[in-house]
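Taking it in order: structure first as structure tokens, then the write-up.
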Amino acid sequence: MGNTKSSALSKELLEELKSNTKYTEAELCTWYQISKQQFEGIYASFFPDADPTAYARHVFRSFDTNADGTLDFKEYIVALHLTSGGKTLQKLEWAFGLYDVDGNGTISKNEIQEIVRSIFNMIPAEAQKKLPEDENTPEKRAEKIWAFFGKKENDKISEGEFIQGVMDNKDILRLIQYDEPQKIKDKLKEKKQ
């Protein structure tokens, strides 16, 4: 077939995406490719009083499966589907990939700290003041997540442990994510129309 950068969608790819997502052919053809800069710009428009750049880069990395610096059509549509209508297990597998910054198949305490810091960059200072005392800084929140998994300083969390841990305790789910994925998904759709 052609490469993913071509300007036309193959019929096979279009049919595959139509059958594996809830999007129409018109929607699928509207969104074709998005650069890291466009993606970061979309996040920035949501957080005018904060800095979402680091988090946007991590999210982008997690969806850029071929690591070419762009979300090609298939990566982009799979990302939209996953964040809006994917199954819980798929979402948790994606979340694990987000936290596995170096892509080695495990999550370290440093990786948790890195992602949590990027999340805190998006939370306005006033909202941070309203967070519970034991999670009102990136360090405290990362420590709370790490303690939940019962890990020592240099231990690692496997994908299975991560998924099971989050499924067993919804409070951890709240701690590992930023609360507004729907707004971001809607903005992505809007930008590409």
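What number of residues in region 31-52 are over 20 Å from ASP64 (Cβ atoms), touching a residue at least 12 places away in the same chain (Cβ under 8 Å) and open to solvent by 60 Å² or more (accessible area, probe 1.4 Å)?
The total comes to 2.
Among the residues of region 82-99, what is the count of those that are part of a helix (DSSP H, G or I) and surrounded by fewer than 17 Cβ atoms within 10 Å (Cβ to Cβ)? Let's see the steps before the verdict.
Here is the first cut: in region 82-99, the residues part of a helix (DSSP H, G or I) are 82-85, 88-99.
Pick out the ones that are also surrounded by fewer than 17 Cβ atoms within 10 Å (Cβ to Cβ) and you get 84-85, 88-90, 93.
Residues flagged as part of a helix (DSSP H, G or I) and surrounded by fewer than 17 Cβ atoms within 10 Å (Cβ to Cβ) within region 82-99 amount to 6.
Within the set of pairs 6+ apart or on separate chains, which have a first residue in region 100-115 that is assigned to a helix (DSSP H, G or I), a second that is open to solvent by 20 Å² or more (accessible area, probe 1.4 Å) and among the charged types (D, E, K, R), and C-beta atoms under 8 Å apart?
Close Cβ pairs satisfying both conditions: LYS109/LYS151; LYS109/GLU153; LYS109/ASP155; GLU111/ASP102; GLN113/GLU139.
The values are calculated or read from the model by the stated rules, or taken from the named source; none is laboratory data. Bear in mind the structure is a predicted one, so any value in this text is a computation, not a measurement. Every residue, glycine among them, receives a Cβ derived from its backbone with ideal geometry; neighbour counts consider all protein chains shown. SASA here: full protein model, heavy atoms, side chains in, ligands and nucleic acids out. Shrake-Rupley method; radii C 1.70, N 1.55, O 1.52, S 1.80 Å.
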